[in-house]
Amino acid sequence: MDVRRRSLPASGDRVKTQKLNKNDTLTATPTHSHVPSQTLLPLYLTNAVFFGVFFSVAYFLLHRWRDKIRTSTPLHAVTPSETAAIVSLVASAVYLLGFFGFASRASLDELSDEETILREDSRTPGACPAALLDSPASKKKHNQIPLPRSKSVDKSVELSNPPPLKPSNETARAPSPISLSPEDDEVVEAVVSGSVPSYALESRLGDCGRAATIRRAAVQRLTGRSLEGLPVQGFDYDSILGQCCEMPIGFVQIPVGVAGPLLLDGKEYTVPMATTEGCLVASTNRGCKAIYVSGGASSVLLRDGMTRAPVVRLPSAQRAAQLKFFLEDPLNYDSLAVVFNKSSRFARLQSIQCAIAGKNLYMRFRCSTGDAMGMNMVSKGVQNVLDFLQTDFPDMDVIGISGNFCSDKKAAAVNWIEGRGKSVVCEAIIKEEVVNKVLKTSVEALVELNMLKNLTGSAMAGALGGFNAHASNIVSAIYIATGQDPAQNVESSHCITMMEAVNGGKDLHVSVTMPSIEVGTVGGGTQLASQSACLNLLGVKGASTESPGANSRVLATIVAGSVLAGELSLMSAIAAGQLVKSHMKYNRSNRDMSKIVP
């Protein structure tokens, strides 16, 4: 018996298979069926011609039809030139569709030919599966481990019926690189079968890290999708239990950069920023430098109070108005404040603002919350007041603890006007030489650009609190790094940037006004190790022992100061025409860093 190894055909070749007798040798005859014997023009020129014809006649017909619509001419009344254009459009479209469809069919035919060869070889007594599976094309196609080579031909004949190749979708069900013990594998099977709820793993196992690993393996088996690349080990899952995240299967890595030093209110801060956007940290750092060499920035905290606004319904609008007058009566404020403040030793009621819609009443409570962001704290106080009001207003029906008049995680005029959380103004005077040398622009250009972009342009767009260049970029990066609620970036990024020439038109006065910065230094994600380290870098970790709320107020001013630096740098880049150039230079993936020109 003559057994010979042969390789698979090259791309673009078809294979003619022939029936073999018992002692015949398996051969393959490639035929170049997809390559024409002669071509009048190179293929790329032919394609270019038809592409040009297609788009030119389409452009011509669109203009002709637009003119007909303007002159009320029937579209079906075509001229000879239009008829020729339509024919050319159809012909070029047919060619292009045929060409690309032909190319896709050719690639499918090639794959089909390879599979046919493998099937024929597996059924042919004289073929050696070890030789076929050991070929590079076979390894790439089926990801198979080659069978061991046999020293004798007779043994290879015994392997003429190898196990069937695995379907391509089975590659997605590859086992996790993390090895599981037999006990853990049994738990995974129980989760997959549904006998053990995924959310109950932590309580049943008593080990949060083990629960995350098992849940991850169960998710891979249930979905058939690999989670390779999502790390699961090396994280303290006990710290998030019942507080930050439910049913964890791993954690996402976000790079953290630093900008600064930011000279604010006479103190220097190194600002951590967690982001995946290139140039953001570098741009903010340049703004910090401009502020630093100009003498620093100063900030003012205008207001500090978190809000929650329940919605209640009464039998009539008149009855709703009675409740409104009761809540806004100064004689009733003290008793309401006592009830509200029972919720926490830091919660202190500041005001109640009411709004009526028919017989529905919206009550916006504002209170101080110490160093916590305070959403849960204010909600507890509101619930206490609602329970208290039921005595005098038994016909009051509480529809929801939050009626969106707060307003949380949504752009709203009430936050822009009345403020929510910390309301901060931050300003700085940038010297003329700093504007010229560090920011590479002029005071006049910055003032004009700010007026036309941040003020007029935002007004033309109907912006709500968005009279700035990119405040949300800096707010989001600091929020993620310090464990704040990233979704509250929506209202926390409300900002108006002002620029004005001062000192005889030589220097630049720049300021940012941010009425609703919602931050805290205790609770939520602030207690996680990485986020706690970033808060410690800023010197605002945890609660202030000397003055409750002092750390969170300082953090709010740091956010505003960083936004000021970011606004200053980005506006300068736009004014100098360097925005696109800087992104192309620094915000592009390039493994050979030596090619980046300084």
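The values are calculated or read from the model by the stated rules, or taken from the named source; none is laboratory data. Just so it is clear, the structure is predicted and the values come from calculations on it, not from any experiment. All Cβ positions, even for glycine, are placed from backbone atoms using ideal geometry, and neighbour counts span all protein chains on display. Heads up: the accessible areas ignore ligands, DNA and RNA and are worked out on the full protein's heavy atoms, side chains in. Shrake-Rupley method; radii C 1.70, N 1.55, O 1.52, S 1.80 Å.
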- Just name the residue that is farthest from the chain's Cα centre (by Cα) out of those in segment 174-206 that are open to solvent by 70 Å² or more (accessible area, probe 1.4 Å) and closer than 22 Å to L230 by Cα. E189
- Message: Exactly one condition in (1) under 27 Å from A560 (Cβ atoms); (2) in contact with a Cys (Cβ under 7 Å, 6 or more places away or on another chain); (3) of a type in the set (F, W, Y) is false for Y362; which is it?
- Response: (1)
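I'd like to check something: does segment 313-328 contain any residue that is touching a Gly at 6+ places or on another chain (Cβ under 7 Å), open to solvent by 20 Å² or more (accessible area, probe 1.4 Å), assigned to a helix (DSSP H, G or I) and touching a residue at least 40 places away in the same chain (Cβ under 8 Å)? Spell out the reasoning first.
At the first step, the residues of segment 313-328 found to be touching a Gly at 6+ places or on another chain (Cβ under 7 Å) are 317.
Add one more test, that the residue is open to solvent by 20 Å² or more (accessible area, probe 1.4 Å), and what stays is 317.
Then drop every residue that is not assigned to a helix (DSSP H, G or I), which leaves 317.
When the remaining residues are screened for being touching a residue at least 40 places away in the same chain (Cβ under 8 Å), the result is 317.
Looking for residues that are touching a Gly at 6+ places or on another chain (Cβ under 7 Å), open to solvent by 20 Å² or more (accessible area, probe 1.4 Å), assigned to a helix (DSSP H, G or I) and touching a residue at least 40 places away in the same chain (Cβ under 8 Å), one finds at least one in segment 313-328, hence yes.
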- Note on the structure: Given the conditions (1) at pLDDT 50 or above; (2) open to solvent by less than 30 Å² (accessible area, probe 1.4 Å), every one holds for T73 apart from (2)
- Task: Considering only segment 455-468, state which residues are within 19 Å of A411 (Cβ to Cβ) and in a helix (DSSP H, G or I).
- Result: L455, G457, S458, A459, M460
- Task: Within segment 486-524, track down each residue that is aliphatic (A, V, I, L, M) and open to solvent by 10 Å² or more (accessible area, probe 1.4 Å).
- Result: A487, V490, I496, M498, M499, A501, V502, V522
- Query: Looking at (1) modelled with pLDDT of 95 or more; (2) within 24 Å of the chain's Cα centre (by Cα); (3) surrounded by fewer than 24 Cβ atoms within 10 Å (Cβ to Cβ), which is the one condition that is false for L538?
  - Reply: (2)
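Taking S423, is it assigned to a helix (DSSP H, G or I) and at pLDDT 95 or above?
no
Rundown of residues vs (1) in contact with a strand residue (DSSP E or B) (Cβ under 8 Å, 6 or more places away or on another chain); (2) in contact (Cβ under 8 Å) with a residue 24 or more places away in the chain; (3) more than 18 Å from A290 (Cα to Cα), yes/no style:
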| site | (1), (2), (3) |
| --- | --- |
| K409 | no, yes, yes |
| V424 | yes, yes, yes |
| K431 | yes, yes, no |
| N468 | yes, yes, yes |
| I474 | yes, yes, no |
| A481 | yes, yes, yes |
- Task: Taking L452 as the residue in question, decide whether it is farther than 22 Å from V271 by Cβ, open to solvent by 40 Å² or more (accessible area, probe 1.4 Å) and part of a helix (DSSP H, G or I).
- Result: yes
- Quick one: in segment 247-279, which of the residues that are polar (S, T, N, Q) and open to solvent by 50 Å² or more (accessible area, probe 1.4 Å) is farthest from the chain's Cα centre (by Cα)? T270
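Return a yes/no flag: does segment 254-264 have any residue that is over 30 Å from N384 (Cα atoms) and part of a loop (DSSP other than H, G, I, E, B). It would help to see each step written out before you state the result.
Looking only at segment 254-264, we keep the residues that are over 30 Å from N384 (Cα atoms), and these are 254-264.
With the extra rule that they be part of a loop (DSSP other than H, G, I, E, B), the set shrinks to 254-255.
Yes, segment 254-264 has at least one match.
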- Message: Quick test of your reading of the structure: A282 fulfils all but one of (1) out of contact with any Ser or Thr (no Cβ under 9 Å at 6 or more places or on another chain); (2) open to solvent by 60 Å² or more (accessible area, probe 1.4 Å); (3) assigned to a helix (DSSP H, G or I). Name the failing condition by number.
- Response: (1)
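Take the conditions open to solvent by less than 40 Å² (accessible area, probe 1.4 Å), touching a residue at least 60 places away in the same chain (Cβ under 8 Å), touching a helix residue (DSSP H, G or I) at 6+ places or on another chain (Cβ under 8 Å) and of a type outside the set (A, V, I, L, M) and apply them to G305. Does it pass? Full working, then the answer.
Values: open to solvent by less than 40 Å² (accessible area, probe 1.4 Å): yes; touching a residue at least 60 places away in the same chain (Cβ under 8 Å): yes; touching a helix residue (DSSP H, G or I) at 6+ places or on another chain (Cβ under 8 Å): no; of a type outside the set (A, V, I, L, M): yes.
Considered against the rule, which asks whether it is open to solvent by less than 40 Å² (accessible area, probe 1.4 Å), touching a residue at least 60 places away in the same chain (Cβ under 8 Å), touching a helix residue (DSSP H, G or I) at 6+ places or on another chain (Cβ under 8 Å) and of a type outside the set (A, V, I, L, M), G305 comes out as no.
Look at S589 and say whether it is open to solvent by 10 Å² or more (accessible area, probe 1.4 Å), modelled with pLDDT under 95 and not acidic (D, E).
Numbers: open to solvent by 10 Å² or more (accessible area, probe 1.4 Å): yes; modelled with pLDDT under 95: yes; not acidic (D, E): yes.
Considered against the rule, which asks whether it is open to solvent by 10 Å² or more (accessible area, probe 1.4 Å), modelled with pLDDT under 95 and not acidic (D, E), S589 comes out as yes.
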- Message: For segment 210-244, which positions are over 23 Å from the mean Cα position of the chain (by Cα), open to solvent by 10 Å² or more (accessible area, probe 1.4 Å) and over 18 Å from D184 (Cα atoms)?
- Response: G234, D236, D238, S239, L241, G242
- Query: How many residues does segment 501-512 contain that are under 30 Å from the mean Cα position of the chain (by Cα) and part of a loop (DSSP other than H, G, I, E, B)?
  - Reply: 0
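Given the criterion in a helix (DSSP H, G or I) and touching a Pro at 6+ places or on another chain (Cβ under 7 Å), identify the matching residue among V382, V339. Quick ask: steps written out before the conclusion?
Details: V339 fails: touching a Pro at 6+ places or on another chain (Cβ under 7 Å).
Checking each option against the conditions leaves just V382.
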- Would you list the helices (runs of 4 or more DSSP H) that sit entirely within segment 144-218 and hold 2 or more residues that are at pLDDT 50 or above, closer than 30 Å to L241 by Cα and not β-branched (V, I, T)? 182-193, 201-205
